[in-house]
């Protein structure tokens, strides 16, 4: 287990509107086609499960999930690049899955870029199975990129 996961200054908490500046800094650093401030703000406004991961008061990652009609959809999990590969994305994923169970969700869905093998391995190791593909789902440098659709029955 990564030492950072044992750090007493590491915590997960619900995302607040005041967090969006730091969240946007991470989003813009990590993605060529980042979500907008308005998307995150709308997710908070409509009551999606929005969480941030803090280390010593600084946000280093976040996760967003919608829940409706017995299903959950993980929309975004992101970790600041300097902290990737240490189990932090897995920790956010675990929190979102617990929240899904608390909401009596039957199945959790997500999409992942077809070329993001690191994320695919994470999801597979947590019991997600590939169930399909969405053509042209993500914006990309030269047009659109396909997504793999994953699902996990709780």
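Only one entry of 64, 118, 52 meets the criterion of being under 21 Å from residue 5 (Cα atoms) and at pLDDT below 95, and that entry is 118.
Of all the numbered requirements in (1) farther than 11 Å from residue 152 by Cα; (2) surrounded by fewer than 16 Cβ atoms within 10 Å (Cβ to Cβ); (3) in contact with a helix residue (DSSP H, G or I) (Cβ under 7 Å, 6 or more places away or on another chain), residue 85 misses one, and that requirement is (3). Restricting segment 28-49 to residues that are on the phi < 0 side of the Ramachandran plot, at pLDDT 95 or above and part of a loop (DSSP other than H, G, I, E, B), the residue that is surrounded by the most Cβ atoms within 10 Å (Cβ to Cβ) is 48. Annotation note: Cβ proximity below 6 Å between a residue of segment 83-104 that is assigned to a loop (DSSP other than H, G, I, E, B) and a residue that is surrounded by fewer than 21 Cβ atoms within 10 Å (Cβ to Cβ) (sequence gap 6+ or interchain) occurs for 86/2; 86/4; 87/2; 87/5; 103/67.
Could you tell me whether residue 74 is buried (at least 17 other Cβ atoms within 10 Å of the Cβ), touching a residue at least 24 places away in the same chain (Cβ under 8 Å), in a strand (DSSP E or B) and more than 12 Å from the chain's Cα centre (by Cα)? Reasoning before the result, please.
Values: buried (at least 17 other Cβ atoms within 10 Å of the Cβ): yes; touching a residue at least 24 places away in the same chain (Cβ under 8 Å): yes; in a strand (DSSP E or B): yes; more than 12 Å from the chain's Cα centre (by Cα): no.
It is false that residue 74 is buried (at least 17 other Cβ atoms within 10 Å of the Cβ), touching a residue at least 24 places away in the same chain (Cβ under 8 Å), in a strand (DSSP E or B) and more than 12 Å from the chain's Cα centre (by Cα).
Go through segment 35-56 and report how many residues are within 17 Å of residue 25 (Cα to Cα) and without any contact (Cβ under 8 Å) to a residue 24 or more places away in the chain. Residues flagged as within 17 Å of residue 25 (Cα to Cα) and without any contact (Cβ under 8 Å) to a residue 24 or more places away in the chain within segment 35-56 amount to 4.
Given the residues 132, 63, 127, which is the only one that is touching a strand residue (DSSP E or B) at 6+ places or on another chain (Cβ under 8 Å), part of a strand (DSSP E or B) and either loosely packed, with under 14 Cβ neighbours inside 10 Å or without any contact (Cβ under 8 Å) to a residue 24 or more places away in the chain (or both)?
Numbers: 63 fails: either loosely packed, with under 14 Cβ neighbours inside 10 Å or without any contact (Cβ under 8 Å) to a residue 24 or more places away in the chain (or both); 127 fails: part of a strand (DSSP E or B).
Sole residue among the options that is touching a strand residue (DSSP E or B) at 6+ places or on another chain (Cβ under 8 Å), part of a strand (DSSP E or B) and either loosely packed, with under 14 Cβ neighbours inside 10 Å or without any contact (Cβ under 8 Å) to a residue 24 or more places away in the chain (or both): 132.
Do you know which residues across segment 135-154 are under 19 Å from residue 32 (Cα atoms) and either touching a helix residue (DSSP H, G or I) at 6+ places or on another chain (Cβ under 9 Å) or free of Cβ contacts under 8 Å to residues at least 12 places away in the same chain (or both)? Those that are under 19 Å from residue 32 (Cα atoms) and either touching a helix residue (DSSP H, G or I) at 6+ places or on another chain (Cβ under 9 Å) or free of Cβ contacts under 8 Å to residues at least 12 places away in the same chain (or both): 135, 136, 142, 143, 144, 148.
Taking the residues in segment 1-27 that are touching a strand residue (DSSP E or B) at 6+ places or on another chain (Cβ under 7 Å) and part of a helix (DSSP H, G or I) as candidates, determine which candidate is surrounded by the fewest Cβ atoms within 10 Å (Cβ to Cβ).
Top of the filtered list is 4.
Name the residues in segment 7-27 that are at pLDDT below 95 and closer than 16 Å to residue 43 by Cβ, would you? Of everything in segment 7-27, nothing turns out to be at pLDDT below 95 and closer than 16 Å to residue 43 by Cβ.
The values are calculated or read from the model by the stated rules, or taken from the named source; none is laboratory data. In this text, all values refer to a predicted model and were calculated from it rather than measured experimentally. A quick note on method: Cβ atoms are made from the backbone with ideal geometry, for glycine too, and the neighbour counts reach across all protein chains shown.
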